[in-house]
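So the structure is just underneath, and the comments pick up after that.
The values are calculated or read from the model by the stated rules, or taken from the named source; none is laboratory data. Fair warning: this is a prediction, and the values are worked out from it, not measured in the lab. Here the Cβ positions follow ideal geometry from the backbone for every residue, glycine too, while neighbour counts run over all protein chains shown. Heads up: the accessible areas ignore ligands, DNA and RNA and are worked out on the full protein's heavy atoms, side chains in. Shrake-Rupley method; radii C 1.70, N 1.55, O 1.52, S 1.80 Å.
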Amino acid sequence: MAVTHTLTIIKPDAFGAGKSGQIVAHLEQAGFRVVAARVARLTTEQAEGFYEVHKERPFFRSLVAFMSSGPCMPLVLERADAVAELRRVIGATDPAEAADGTVRRLYAESKERNAIHASDSDENAKRESGFFFAEMELIANRQVNER
Ligand code: GDP
């Protein structure tokens, strides 16, 4: 399986609760390498832009308010089959349905305040990585180049 990249965000619930170190350690133990990381406090407009695909969903306003409620930690991660593997490691959207040992099962509070985001396709991983990080940072730190 080819080495690829994905974008994750440790969301304001988990970051605010001081769980970012444990979650990054969990991801590294699952074979992911950190390519880029930062702490960001999203404005309402930035959270709306990031979650634009969900703008017709009934929970959109609540999701935007949550994601802009405090600092979060976006990271670009690298490993073989990164997008699918990260989705597996974080678990189902609702922590009550997430498998034992997944990040959401361990750290999420609720279906909305669910600790972590993960891109759902290679295309979205590229878009979402570009939302938070400059091409310059990503190129410098990648072990594998996907163009
Ligand atoms: P994900 O890919 O597992 O993150 O899930 P989605 O792309 O479907 O939804 C994006 C985010 O919106 C989720 O991670 C949750 O934070 C939130 N969300 C999803 N479904 C619901 C819902 O039914 N109610 C509320 N309040 N928030 C939701």
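On the basis of being open to solvent by less than 60 Å² (accessible area, probe 1.4 Å) and touching a Pro at 6+ places or on another chain (Cβ under 6 Å), does Ala118 make the cut? No: the conditions fail for Ala118.
Here segment 1-25 is the region considered, the condition is being out of contact with any Phe, Trp or Tyr (no Cβ under 7 Å at 6 or more places or on another chain) and assigned to a loop (DSSP other than H, G, I, E, B), and the residue that is least open to solvent (accessible area, probe 1.4 Å) is Lys11. Looking at Val64, Val53, Val83, just one residue is within 15 Å of the ligand (Cβ to nearest atom), open to solvent by less than 60 Å² (accessible area, probe 1.4 Å) and more than 25 Å from Met136 (Cβ to Cβ), and that residue is Val64.
With respect to the conditions (1) open to solvent by 10 Å² or more (accessible area, probe 1.4 Å); (2) within 11 Å of the ligand (Cβ to nearest atom); (3) assigned to a loop (DSSP other than H, G, I, E, B), Ala98 falls short on a single one, namely (1). Total residues in segment 55-114 satisfying the condition of being in contact with a Phe, Trp or Tyr (Cβ under 9 Å, 6 or more places away or on another chain) and of a type in the set (A, V, I, L, M, F, W, C): the figure is 12.
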